[in-house]
Structure formats: structure tokens, C-alpha cells
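The values are calculated or read from the model by the stated rules, or taken from the named source; none is laboratory data. Fair warning: this is a prediction, and the values are worked out from it, not measured in the lab. Positions of Cβ are backbone-derived with ideal geometry, glycine not excepted, and every protein chain shown enters the neighbour counts. These accessible areas exclude ligands, DNA and RNA; they are computed on the full protein's heavy atoms, side chains included. Shrake-Rupley method; radii C 1.70, N 1.55, O 1.52, S 1.80 Å.
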Amino acid sequence: DLLSAFRQDTTKTRYETFEQLLHYCRRSANPVGRLVLRIAGYEDTRVDVASDFVCTALQLVNFWQDLGRDWERGRLYVPLDEIRAAGAREEDLDRRCLTSQWRSVLSALAERTKEMFLRGREVADLVGGRLRLELRLTWLGGWRVLERLEGRRFDVFGQRPELGATDVPLILWRAATWRLGRPRRPALEVRSPKSRVP
């Protein structure tokens, strides 16, 4: 799966639908989580599914975070059908201008990304030892980057939103006060990141 995703990256620079993007994440991100779990001695369907959601969410956050950088390299991971539906234009990215239409698209994608984070959150409760803490910190780090993106209204051209020293106390506090189970949140309809498309 990883090799297949690497090969795809050399030829594919656009994704028509969110489902196609999830299919790419299934091969590029999810295997990394599975490998970590196997190395740690975990082989359980429930853990695997939760891990897949988190890995996909982390990959998606990276796409939204690196929109500007990817565009400069000729890549765009925002689904084309959603760009067209919102009336956003690729020409705006050439001008390094994030219009209200682009913000609308990215805001909707961020909501779906949040739901994937939440659906996979229990992976950090289903493992033990040092891995539990590491996965909680990883989850919290990804969630924090998404918060920063939203706080900047997804403007990635002025400055790439990323974690810094000022985020450490908040992430550590959230890790220390982590509650088992999935936090309550209005449900959004999201298909599994394992979904396949032709």
C-alpha cells in the first residue's frame, strides 16, 4: 500500500472527490499506524480501525496545513468537486489569495477531519504503556494544528500554521486531563477511511 501511494504521488496531482482522497490516505497514512501497532504487539480489529481514522485525520490536516506549499509544487489535495461547488477558483491560489469560497471549502473539510479524529480517539485508550501517552500526544498535536488553522481562517499563505513552544503547555495539560472514551459531539456523516474507489 505504501509503495502504491508513493508511485501515485509521482503522477497524480489532483483528486476529484473526497472519497478518492480517502483512498489515497488508506494507502499512504493508515499503513504507518498499523506498522506501529504491530511493532508494539497489537493485532486487533478495533484498534486497527481507530488507528486508521486517526492516521487519515493526521494526513488530511497535513494537506490543509500545506495547501500553499503543495500548490507551489503543482499539487492540490482539496477535492475538485467541492472546489467547484463552492465557486472557488484555482487562479486565486496563484495570487496567494484565500477567498471566502476557499475558506468555506476548507472549513467544511476541517469539520470532517475533526470527526475522523474523534472516531479514532479511542486508539489511545486501547493501548497501554508508553505507546498510550505517545498516541495521545500525537492525537492532541494533530487536533491543535487544526485549531490553529481554524484560528487563522485557513490562511496558509501568510504563515504556515504549525505547532510551537507556546502549544506545549496546552497539549501537556490536555494529555494530563485526557478522559477515556469519545467526547460528546454532534455526529457528522463520515464514511470509513478504509473506503475503496475504483
Original post:
Considering only residues of the range 133-142 that are open to solvent by 40 Å² or more (accessible area, probe 1.4 Å) and more than 16 Å from ALA29 (Cβ to Cβ), which is farthest from the chain's Cα centre (by Cα)?
Top reply: LEU133
Original post:
Do we find that LEU98 is under 24 Å from HIS23 (Cα atoms), surrounded by 16 or more Cβ atoms within 10 Å (Cβ to Cβ) and in contact (Cβ under 8 Å) with a residue 40 or more places away in the chain in this structure?
Top reply: no
Subject >> Counted residues, the range 152-182 - those being more than 18 Å from VAL61 (Cβ to Cβ) and at pLDDT below 90 >> reply: 5
**OP:** Output the number of the condition that GLU115 fails; it satisfies all remaining conditions of (1) surrounded by fewer than 16 Cβ atoms within 10 Å (Cβ to Cβ); (2) under 20 Å from GLU147 (Cα atoms).
**Re:** (1)
Subject >> Subset tally (residues that are open to solvent by 20 Å² or more (accessible area, probe 1.4 Å), among the acidic types (Asp, Glu), outside any loop (DSSP other than H, G, I, E, B) and at pLDDT 95 or above) for the range 8-50 >> reply: 1
**OP:** Working only within the range 66-95, note down all residues that are open to solvent by 30 Å² or more (accessible area, probe 1.4 Å), of a type in the set (Asp, Glu) and farther than 17 Å from HIS23 by Cα.
**Re:** GLU72, GLU90, GLU91, ASP94
Original post:
Using beta carbons and a limit of 9 Å, which pairs, at least six apart or on different chains, have the first residue in the range 127-149 and more than 14 Å from ARG160 (Cα to Cα) and β-branched (Val, Ile, Thr) and the second one open to solvent by less than 70 Å² (accessible area, probe 1.4 Å) and modelled with pLDDT of 95 or more?
Top reply: VAL127/LEU37; VAL127/ALA40; VAL127/TYR42; VAL127/VAL47; VAL127/LEU135; THR138/VAL54; THR138/LEU58; THR138/ALA124
**OP:** Give the residue that is nearest to ARG96 (Cα to Cα), with candidates limited to residues of the range 159-179 that are open to solvent by 50 Å² or more (accessible area, probe 1.4 Å) and in contact (Cβ under 8 Å) with a residue 60 or more places away in the chain.
**Re:** ARG160
Original post:
Can you spot a residue in the range 122-131 that is more than 21 Å from VAL32 (Cβ to Cβ), touching a helix residue (DSSP H, G or I) at 6+ places or on another chain (Cβ under 6 Å) and surrounded by 14 or more Cβ atoms within 10 Å (Cβ to Cβ)?
Top reply: no
